[in-house]
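One structure is given here, and the rest of the page talks about it.
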Amino acid sequence: MPIQYGSIMEEHLATRRRATLFDVSHMGRIEIRGADAEQFIDGLTTRKVAGMGPGRIRYSLLCNSEGGILDDILVYRPPGDSDQFLLVVNASNRVSVLQWIEERRGGATFEIDDQTPGTAMLAFQGPMAIEKINPLLDFDLATLKYFCCRNAKLGSQDLLVSRTGYTGEDGCELIVPAEKAEEIWSELHELEDVSAAGLGARDTLRLEAAMPLYGHELSLSINPAQTGLDFACTLKGRDFVGKTAIEEAARKDCLPVRVGLVLEGRRAAREGDQVLAGEEQIGTVTSGTFSPTLQQPIAMAYIKREHAGSDSLLSIDIRGKSIPATVCELPFYRR
Amino acid sequence: MNPEQFLYAETHEWVAVNEVDGQKIATIGISAHAVEQLTDLVFMELPEIGAKLESEKEFGEVESVKAVSPLYSPIDGEVAEVNTELPASLEILNEDPYGAGWIMKARITDESCLEKLMDFSTYQKQCGADG
């Protein structure tokens, strides 16, 4: 996927107003199938996935035993076969997640099938996405609940469709055989009011929606307790790798926390810029951009807890200039 | 303003040289190619009037949704005037990069700096090579 097909701003706004198509085939797709798959995966994910119904999808983190985040993933339980799970993982972590699974498997009974090379993944996002794709599908996508998936046909092509995305808009993602990807892309791309969007818009869209990006808001040196992603951690009544470290971090309550910042002016903060309270450095920006929807600069940062309250007045050092910034509630944009 | 008669820096700034009262004045902007490559401009920082300019040194910056790009001075000189309309209306750069999209005017203090610059056709070739 290119950074941009034309203008990031236009691709971004087209996603907010109409419908856009992203080639997200770089994401890793790992199938785990077998009698022990459910229990094994549940022992790695911060969120409970044991007992998930077929056709359900959950967002979760994977941690090491120190609570460092290895990846953030979607766990699919495809409809039908109850022994089968699909993990959609970040491209940059695919190999390390595969290794992590192999290292931890012990005598558990399951097979791992890396479906990344053999399949492609398209994201179709925007307020018009469902109505646009519906005439091509063999069922009414509006009846599929958010974070659910099902097998479907687009024309004559079998695929897995999920009501998911990384833009903060309604829409879906399609997993299709790699050799059919171009054909399906073209069919959708040719629809009226549909255009292509690239990695640049994907980043500004997810940032407005305050969705974390691995390598920025999530990393081996960040504990889930700092991220504000409480919904992705099921601590009660189960055990998983990293649980003790997460509980300890939550109890100590002293690590920096993730916040949203809105900046004055038009200059955007970027990753690595320092966040200041007066003269004191209290945090670091992990992602920042000029928000095409809000038409002002926004950023996410990890900062000291005592400054993390809403409306807290701070500043960001942008290449030697101190720019006023205010802590705000996340997300920056909600559809 | 005819961009074919301007001089160009490798870093995509253009220079139009005029003589006013025996003093060489450079009008400076960024090329249409640069504007096209940058896309989605949201912010520009102009230099202060009177600021000293040094050839190939940064004098300001322009920011797009994607990234920040420094602006490099194509000349040695001193800032005489800046286009104060520009930061609030960066779309002017797309519409008229060689006219209304000028960034600053500067008194040239050492004319030898102009020898390092390219003419239009040489610059076009560089842009072609850049893709």
- Task: Among the residues of segment A:155-184, count how many are outside any loop (DSSP other than H, G, I, E, B), touching a helix residue (DSSP H, G or I) at 6+ places or on another chain (Cβ under 8 Å) and within 17 Å of A:Thr20 (Cα to Cα).
- Result: 4
- With A:Ala14, A:Ala19 as the choices, which residue is away from chain B (no Cβ under 14 Å), among the small types (Gly, Ala, Ser), more than 29 Å from A:Ile246 (Cα to Cα) and in contact with a helix residue (DSSP H, G or I) (Cβ under 9 Å, 6 or more places away or on another chain)? A:Ala19
- Residue satisfying all of: in segment B:22-55; within 14 Å of chain A (Cβ to nearest Cβ) and among the charged types (D, E, K, R); surrounded by the fewest Cβ atoms within 10 Å (Cβ to Cβ) among these: B:Glu48
- Of residues in segment B:63-105 being charged (D, E, K, R) and over 27 Å from A:Ile298 (Cβ atoms), the one surrounded by the most Cβ atoms within 10 Å (Cβ to Cβ): B:Asp76
- Query: So which residues in segment B:63-105 are within 13 Å of chain A (Cβ to nearest Cβ), in contact with a Leu (Cβ under 6 Å, 6 or more places away or on another chain) and among the hydrophobic types (A, V, I, L, M, F, W, C)?
  - Reply: B:Leu90
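Residues checked against (1) crowded, with 17+ Cβ neighbours inside 10 Å; (2) within 14 Å of chain B (Cβ to nearest Cβ); (3) touching a Leu at 6+ places or on another chain (Cβ under 8 Å); (4) over 21 Å from A:Asn90 (Cβ atoms):
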residue: A:Leu218; (1), (2), (3), (4): yes, no, yes, no
residue: A:Ile222; (1), (2), (3), (4): yes, no, no, no
residue: A:Asp253; (1), (2), (3), (4): no, no, no, yes
residue: A:Leu261; (1), (2), (3), (4): yes, no, yes, yes
residue: A:Ala268; (1), (2), (3), (4): yes, yes, no, yes
residue: A:Gly278; (1), (2), (3), (4): no, no, no, yes
residue: A:Gln296; (1), (2), (3), (4): no, yes, yes, yes
- Message: Which pairs turn up if I take residues in segment A:190-218 that are at pLDDT below 95 and look for partners that are aromatic (Phe, Trp, Tyr) with beta carbon separation below 8 Å, at least 6 apart in sequence or on another chain?
- Response: none
- Message: Tell me whether segment B:14-36 contains one or more residues that are modelled with pLDDT under 95, closer than 30 Å to A:Thr204 by Cα and hydroxyl-bearing (Ser, Thr, Tyr).
- Response: no
- Task: Would you mind finding the one in A:Arg29, A:Arg94, A:Arg58 that is among the basic types (Lys, Arg), closer than 30 Å to A:Leu294 by Cα and not in a loop (DSSP other than H, G, I, E, B)?
- Result: A:Arg58
- Message: Which condition from (1) away from chain A (no Cβ under 14 Å); (2) modelled with pLDDT of 95 or more; (3) surrounded by fewer than 20 Cβ atoms within 10 Å (Cβ to Cβ) is the one that B:Glu58 breaks?
- Response: (1)
- Could you tell me whether B:Leu90 is closer than 23 Å to B:Asp119 by Cβ and not hydroxyl-bearing (Ser, Thr, Tyr)? no
- Message: Test of understanding: among B:Glu45, B:Glu111, which residue is under 21 Å from A:Arg270 (Cα atoms) and charged (D, E, K, R)?
- Response: B:Glu45
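The values are calculated or read from the model by the stated rules, or taken from the named source; none is laboratory data. Every value quoted in this text rests on a predicted model; they were computed, and no experiment measured them. Virtual Cβ from ideal backbone geometry, glycine too; neighbours counted across all protein chains shown.
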